[in-house]
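Q: Sharing a structure with you now.
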Amino acid sequence: MSYFLWSQLQKLPDDIIRECIIPYTYQPQSPLLCADIRSFYNTYHNMCEIYSLAYPLHNESKESLSNDIVRFLNDDFATMYGYRKFYINVYRRHFMNRDKDIDTIIGCIQKTETKIPNDIQIHIGILTPQERLKLEDFLMDNTFSID
């Protein structure tokens, strides 16, 4: 913990620390959530590292990774031909999109596609751990090979 953070923590009243902060230290997250977080972290960092080796220019690697993730989500079809059911269903998982119609969800998809590298994290984060493994396989099999 940084010195600044520690000094700010020392300024809090004891009752706030005792009643509001310490109880959270005794409530671990579910193993399922922890596995999901580890899966996200591993997939994101593995893919960023592989793409940075394949595409040495920083922006080029992020743009290529973003494009290839969208290819995976859209069943390897260009988005100019429309969005596939899998892509829409992945976005429908987000709690704010559960009851929205397809046109609204497509609008959400189009908003996130323009914000590299945030879209990479959003797309990987909204996938399940099993889908992340399929994503990694797709990217390794269909995108390029590193010698």
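The values are calculated or read from the model by the stated rules, or taken from the named source; none is laboratory data. In this text the structure is predicted, and so the values were computed from the model without any measurement. Here the Cβ positions follow ideal geometry from the backbone for every residue, glycine too, while neighbour counts run over all protein chains shown.
Q: Only residues that are within 19 Å of R132 (Cβ to Cβ), in contact (Cβ under 8 Å) with a residue 12 or more places away in the chain, surrounded by 13 or more Cβ atoms within 10 Å (Cβ to Cβ) and not hydroxyl-bearing (S, T, Y): list them for the stretch 55-85, please.
A: Selection gives K62, L65, D68, I69, V70, R71, F72, L73, N74.
Q: Suppose the filter is at negative phi and in contact with an Asp or Glu (Cβ under 6 Å, 6 or more places away or on another chain); does R132 pass it?
A: On the way: at negative phi: yes; in contact with an Asp or Glu (Cβ under 6 Å, 6 or more places away or on another chain): no.
So R132 fails the test.
Q: Look through the stretch 22-51, keep the residues that are within 28 Å of the chain's Cα centre (by Cα) and modelled with pLDDT under 90, and return whichever of them is nearest to S66 (Cα to Cα). Steps first, answer last, please.
A: Initial filter on the stretch 22-51 (within 28 Å of the chain's Cα centre (by Cα)): 24-51.
Among the residues that remain, those that are also modelled with pLDDT under 90 are: 24-29.
On the way: Y24: 36, T25: 36, Y26: 38, Q27: 36, P28: 33, Q29: 30 Å.
Result: Q29.
Q: Right, another one. L57: within 30 Å of W6 (Cβ to Cβ) and aliphatic (A, V, I, L, M), yes or no? Give the derivation first.
A: Details: within 30 Å of W6 (Cβ to Cβ): no; aliphatic (A, V, I, L, M): yes.
So L57 fails the test.
Q: Between I102, I116, which is touching a Leu at 6+ places or on another chain (Cβ under 9 Å), more than 19 Å from D36 (Cβ to Cβ) and not small (G, A, S)?
A: Working: I102 fails: touching a Leu at 6+ places or on another chain (Cβ under 9 Å).
Just one listed residue meets the conditions, I116.
Q: Return the residue satisfying two criteria in turn: it lies in the stretch 90-109 and is within 16 Å of the chain's Cα centre (by Cα) and of a type outside the set (A, V, I, L, M), and of such residues it is surrounded by the most Cβ atoms within 10 Å (Cβ to Cβ).
A: Going through the stretch 90-109, the residues within 16 Å of the chain's Cα centre (by Cα) turn out to be 90-95, 108-109.
From the residues that got through so far, the ones that are of a type outside the set (A, V, I, L, M) too are 91-95, 108.
Working: Y91: 23, R92: 15, R93: 11, H94: 14, F95: 6, C108: 17.
Here the residue is Y91.
Q: While we're looking at this one, here's another question. Of the conditions (1) crowded, with 18+ Cβ neighbours inside 10 Å; (2) hydrophobic (A, V, I, L, M, F, W, C); (3) at pLDDT below 90, I124 clears all except one; give me its number.
A: With respect to (1) crowded, with 18+ Cβ neighbours inside 10 Å; (2) hydrophobic (A, V, I, L, M, F, W, C); (3) at pLDDT below 90, I124 is out only on (3).
Q: Does N118 fit the bill of being polar (S, T, N, Q) and more than 14 Å from the chain's Cα centre (by Cα)?
A: On the way: polar (S, T, N, Q): yes; more than 14 Å from the chain's Cα centre (by Cα): no.
So N118 fails the test.
Q: Can you tell me which residue within the stretch 8-21, out of those that are part of a helix (DSSP H, G or I) and loosely packed, with under 10 Cβ neighbours inside 10 Å, is modelled with the highest pLDDT?
A: From the stretch 8-21, those part of a helix (DSSP H, G or I) are 8-10, 14-21; that's our starting set.
Among the residues that remain, those that are also loosely packed, with under 10 Cβ neighbours inside 10 Å are: 10, 14-15.
Numbers: Q10: 85, D14: 88, D15: 91.
My answer is D15.
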